[in-house]
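Below: the structure, in structure tokens.
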Amino acid sequence: MQVDTQNIFCRVRQYVAGQLGCGTGILSQEGTFFVANEREEAPFIKLVAMGRSVVVSASPELLPMVREWTQGKSREEAFELPLVFGQTIHFVPDGKAFGQKPLPGGYTYELLEGEGIKRLTGLAGFPNSLVFDQAGGTGTGMVFFAMRDGDVAGLAGAGQEAEGLWEMGVDVRPAHRNNGLASALVSRLAGEILGKGGVPFYSASVTNLGSQSVAHRCGLMPCWVSTYSN
């Protein structure tokens with residue numbers, strides 16, 4: 001599948017800049033930048049590393065304190081500060097390596113979008129890919145799942161985080177792991193999103209090596225690292 005990496009990076013920078021309350025140009029520069037973020041509800045602190053830039057975004061009243069903690073620090077030192085409670089790596093399709101993985105045999109597969117996802121209302125055990133609220137609503141707008149013997153064995157889901165930008169997640173029940181199902185589901189879902197002109201991205205905690213392995217097997221590459229915002 002043809003992947004326009006330059007277009008993906010451009011749209012991702014717009015999305016990340018929106019979260020940080022800064023211009024996209026900062027994310028293409030080298031150095032550490034400080035942003036007084038008035039868009040997010042206070043108190044707010046978020047660090048992002050993309051390319052050679054590190055952006056420290058904080059509520060205006062917190063920024064002087066955060067600047068004092070981080071100014072003059074290397075990227076690694078900044079992300080090791082006590083104010084950083086967790087870090088996430090975000091992956092996007094690699095134009096040179098991305099490809100849809102073969103689907104393991106022995107399963108039936110289905111793609112659902114929009115209102116069609118209501119067919120799965122009440123499905124539990126898929127916290128990273130499909131969660132319903134008490135009213136039966138969900139932020140997931142597209143799913144690709146595998147079934148065996150009438151049960152959902154694994155599911156990749158995506159929700160639209162910004163215009164045309166979809167965050168993916170995947171869950172596979174323990175009995176169906178280690179056979180390539182997770183990476184196959186994610187790669188197929190990513191292909192569907194790309195085919196519709198959207199940009200898929202996949203997020204994994206820096207401590208979740210299994211989830212990161214799924215991303216690499218799909219031909220996704222690390223694009224940016226962020227701390228959990230608060």
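The values are calculated or read from the model by the stated rules, or taken from the named source; none is laboratory data. Keep in mind the model is a prediction, meaning the values are calculated, not measured. Positions of Cβ are backbone-derived with ideal geometry, glycine not excepted, and every protein chain shown enters the neighbour counts. Side chains are part of the model used for accessible areas, which takes the heavy atoms of the whole protein and leaves out ligands, DNA and RNA. Shrake-Rupley method; radii C 1.70, N 1.55, O 1.52, S 1.80 Å.
Charge tally around residue 140: other residues with Cβ under 13 Å, Lys/Arg +1 each, Asp/Glu -1 each, net -4.
Relative contact order of the chain, taken over Cα pairs closer than 8 Å and 6 or more residues apart, is 24 percent. Per-atom-type breakdown for the range 1-126 gives carbon and sulfur 48% of the accessible area (1.4 Å probe, protein chains only).
Taking only DSSP H segments of four or more residues, each worth -39500 (n - 2.57), what value at 222 nm results for the chain once the sum is divided by all its residues, to the nearest 500 deg cm²/dmol?
Working: 5 runs with 52 residues, N = 230.
The per-residue figure over the chain is -6500 deg cm²/dmol.
What shape does the range 99-188 have by the C-alpha gyration tensor, where a ≥ b ≥ c are the square roots of the eigenvalues, rounded means a/c under 1.5, and otherwise prolate means a/b greater than b/c and oblate the rest?
In terms of gyration-tensor shape, oblate.
In percent, what relative contact order does the range 137-185 have, based on Cα pairs under 8 Å that are 6 or more apart in sequence?
Numbers: 74 pairs, mean separation 15.7, N = 49.
Over the range 137-185, the number comes to 32 percent.
Taking the centroid of alpha carbons for each part, the range 171-230 and the range 36-50 are 25 Å apart.
Dipole check for the chain: with +1 at the C-beta of Lys and Arg, -1 at the C-beta of Asp and Glu, and the Cα centre as origin, the magnitude is about 580 Debye. Normalised by the number of residues in the range 74-161, the mean separation of alpha-carbon contacts (under 8 Å, six or more apart) gives a relative contact order of 24 percent.
Report the net charge of residues surrounding residue 59, where surrounding means a beta-carbon distance below 11 angstrom and charges are Lys +1, Arg +1, Asp -1, Glu -1.
Residues close to residue 59 contribute a combined charge of -2.
A prolate overall shape is assigned to the chain, the ratio a/c of its alpha-carbon gyration tensor axes (a ≥ b ≥ c) being 1.5 or greater and a/b exceeding b/c. Using only the Cα atoms of the range 170-230, build the gyration tensor, take square roots of its eigenvalues as a ≥ b ≥ c, and label the shape rounded, prolate or oblate: rounded if a/c is under 1.5, else prolate if a/b is larger than b/c, else oblate. It comes out oblate by the Cα gyration axes.
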